[in-house]
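These notes concern the structure reproduced below.
The values are calculated or read from the model by the stated rules, or taken from the named source; none is laboratory data. From a predicted model like this one, the values you see are computed outputs, not experimental measurements. Every residue, glycine as well, gets a Cβ built from its backbone with ideal geometry; the counts of neighbours run over all protein chains shown. Protein only, heavy atoms only, side chains kept; ligands, DNA and RNA dropped before computing areas. Shrake-Rupley method; radii C 1.70, N 1.55, O 1.52, S 1.80 Å.
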Amino acid sequence: QFGAPAELLDRTLVAAQEEIRHAQMAFTLSNEWSPEPFVLMPLKGLEFNTITLAEFANQTVTEAVEGETPAALRAALALDFVEHQGVRDYLKQVAEEERRHAELAWATLAWTCLKGNREGPAVQASAMSAVDHAALQLKACPVLKKSNLQHGILSPDLEALVCREAASLVQLLKTEMQGIDGIDDLKLFELRVQEHFEKAVTSVSRQQM
C-alpha cells in the first residue's frame, strides 16, 4: 500500500512463515502434554483495511516493536535455564528468529518514518509517541503467578528483568532512529539495532547470574 522496498517485503514474508512454524512447534508441545488435543479455531481481525501511513507506523510499534523486542530477550534468557529438549529446540529457533523479527520491526518503523518525513512531521511525531507508550507499557511489567524454568517459563523476577531491559532498548533505539535523514542512514541504523540487541541479550544473561 505504501510502496515499501522489495527487500523489506521479502523479509516480512519470511518472518510470517517463521511465525507459522513457531505456532506449529508450540502446538506440538502442547499436544504432547495435554490429555486432550488442541484445535485451532479460525482467527478474526485479519481483514485488510486501508489505513494512513501514521496509523501503519503506530500499528508497527504496538504489534511488532512492543511485542517482538521483549520476545527476543525472553527467549534468549529462557534458553539459559530450560532442560526439556523439545522446549529447548523450540526456544533455540524462536530466539534466533524472533530477534530477526524485532530487528525487522525497527527497520520497518524507520523506513515508515523516513517516508513520512517527506509528507510532513506528523508520521514521525505519532510514531515517537507510540514508542514512548510502548516503553511505559514494558516498564509496567505484568506480575506472573507461575514459573517453570525447566520448560522455558520465566520467574517473575526474570520476566521483570526482561521488561526493564526491553524498555531501555526501546528508548535507546528510538534515539538512534531520530537521527535518520536519508536512505543511506537506514542501513547504518539496522547495524546499530543489531549491535544493541546483541548487547541487550548479553546484559540479561549476565544480570541473572
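Descriptive notes on the structure:
- Flag for residue 174 being charged (D, E, K, R) and either modelled with pLDDT of 90 or more or open to solvent by less than 20 Å² (accessible area, probe 1.4 Å) (or both): yes
- The listed residue being closer than 26 Å to residue 115 by Cβ, modelled with pLDDT of 85 or more and either among the acidic types (Asp, Glu) or surrounded by 10 or more Cβ atoms within 10 Å (Cβ to Cβ) (or both), out of 6, 15: 15
- Pairing each residue of the stretch 122-133 that is within 15 Å of residue 108 (Cβ to Cβ) with any residue that is open to solvent by less than 20 Å² (accessible area, probe 1.4 Å) and β-branched (Val, Ile, Thr), provided the two are 6+ apart or on different chains, yields C-beta distances under 8 Å for 123/112; 127/60; 127/61; 127/112; 130/61; 131/61; 131/65; 131/170.
- Filter result for residue 32 (without any contact (Cβ under 8 Å) to a residue 40 or more places away in the chain, open to solvent by 20 Å² or more (accessible area, probe 1.4 Å) and out of contact with any Ser or Thr (no Cβ under 6 Å at 6 or more places or on another chain)): no
- Consider the stretch 104-133 and keep the residues that are in contact with a Lys or Arg (Cβ under 9 Å, 6 or more places away or on another chain) and not small (Gly, Ala, Ser). The one that is most open to solvent (accessible area, probe 1.4 Å) is 132.
- Among the residues of the stretch 80-103, the ones that are touching a residue at least 24 places away in the same chain (Cβ under 8 Å), small (Gly, Ala, Ser) and either surrounded by fewer than 23 Cβ atoms within 10 Å (Cβ to Cβ) or under 17 Å from residue 6 (Cα atoms) (or both) come to 1 in all.
- Options 61, 82; residue that is modelled with pLDDT of 95 or more and of a type in the set (Val, Ile, Thr): 61
- Within the stretch 17-40, tally of residues that are of a type in the set (Ser, Thr, Tyr) and either touching a His at 6+ places or on another chain (Cβ under 9 Å) or closer than 29 Å to residue 100 by Cα (or both): 2
- Condition check for residue 71: within 19 Å of residue 164 (Cα to Cα), in contact (Cβ under 8 Å) with a residue 24 or more places away in the chain and in contact with a strand residue (DSSP E or B) (Cβ under 8 Å, 6 or more places away or on another chain): no
- Residue identified as open to solvent by less than 20 Å² (accessible area, probe 1.4 Å) and either farther than 25 Å from residue 104 by Cβ or of a type outside the set (D, E, K, R) (or both) among 46, 77: 77
- Unique match (being within 26 Å of residue 85 (Cα to Cα), at pLDDT below 95 and either out of contact with any Cys (no Cβ under 8 Å at 6 or more places or on another chain) or exposed (fewer than 14 other Cβ atoms within 10 Å of the Cβ) (or both)) among 156, 142: 156
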